[in-house]
Amino acid sequence: MLEELDPYTVYIPEEDEENFKFMLTGEYAGVGASLSKIGDYICFTEIYEGSPSDKCGVKAGDRILEIDGKNAKNMTVNQVSENLRGESGKEVKLTIQNPLSEKKKKITIKREKIVLPAIEYADTISKGIGYIGFTSFTEKSAEAFKKSFLELKNRQGIQSLIIDLRNNPGGLLDQATEIVNYFIENQSTIVYTKGKVKELDETYKANKKPIDEDMPIVVLVNKNSASA
């Protein structure tokens, strides 16, 4: 079936449904932290403020030694992430270790619904220059971007803008096109999609009046920025 479609079409098995929903909505049930592999263990690299991990005193750098009694040594980031996610209200028991003191402690974290904000940071970084960094094109990303931009323009008087899409994994195409729509003339072609099934080819045009057509804009990307 996939061979008959374009090379970017992928099959999503049932066990990956939660990850797919998270990519689209930015919402999941878990402990509220980001992870990275350092040596043999997965470590917490960022603790989201007010999250279950934050409430339990987890610190950035803490190693995960055990999850619900299972040895976490040599687990991948995905394996640990899958074990930490689950139904909201359900508990997960961890043994963690501080990398400096080497002290181990057992904690029980109650999973909660976590909503990652689309806009990571928005402010002026120099006189007249605004900066908006955002993490994904999830539902309501365009709305959040518009709110941040208008606040920078109307309240802080920016005259130019940096949009930071580094490490942004992409997501919903309609959110990306809506953001472009804010800055280009109505009815301008933004992007088009083509595939093996010609009936599904589509052209996306600006369909709203722009909120600013004159502001100079720089867009930052890197090798981890998705095509959207």
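The values are calculated or read from the model by the stated rules, or taken from the named source; none is laboratory data. The structure displayed is predicted, hence computed values, not measured ones. All Cβ positions, glycine included, derive from the backbone under ideal geometry; neighbour counts span all protein chains shown. Surface areas here come from the heavy atoms of the whole protein model, side chains and all, with no ligands, DNA or RNA. Shrake-Rupley method; radii C 1.70, N 1.55, O 1.52, S 1.80 Å.
The table that follows gives values for the structure above.
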read-out: Heavy atoms of Arg85: accessible area, 1.4 Å probe, square angstrom to 10; value: 60 Å²
read-out: Hz values of 3J(HN,Hα) by residue in the stretch 207-220 - Karplus curve (6.51, -1.76, 1.60), Gly and Pro given as x; value: 10, 9, 5, x, 9, 6, 10, 10, 5, x, 10, 10, 10, 9
read-out: Inter-label distance, nm, simple model (7 Å from Cα along the C-beta direction), Ile38/Lys113; value: 3.3 nm
read-out: Within the accessible area of the chain (1.4 Å probe), percent carbon and sulfur; value: 49 percent
read-out: Inter-label distance, nm, simple model (7 Å from Cα along the C-beta direction), Val180/Glu202; value: 1.3 nm
read-out: Other-chain or far-sequence residues with amide H under 5 Å of Leu65's (modelled H); value: Thr95, Ile96, Gln97
read-out: Amide H contacts of Glu120 (H built 1.01 Å from N, under 5 Å, at least 5 apart or other chain); value: Gly133, Phe134, Thr135
read-out: From phi via Karplus (6.51, -1.76, 1.60), per-residue ³J(HN,Hα) for the stretch 81-96 in Hz, x at Gly/Pro; value: 4, 5, 6, 7, 7, x, 5, 4, x, 7, 9, 10, 9, 10, 10, 10
read-out: Between helix 141-154 and the chain: long-axis angle, C-alpha atoms, 0 to 90°, nearest 10; value: 70 degrees
read-out: Dmax and Rg, reported as Rg then Dmax, of the chain (C-alpha, Å); value: 20.9, 62
read-out: Förster-model FRET efficiency, 22 Å R0, Glu87 and Glu46, C-beta, rounded to 0.05; value: 0.40
read-out: Accessible area per residue, Å², the chain with all protein chains present, probe 1.4 Å; value: 63 Å²
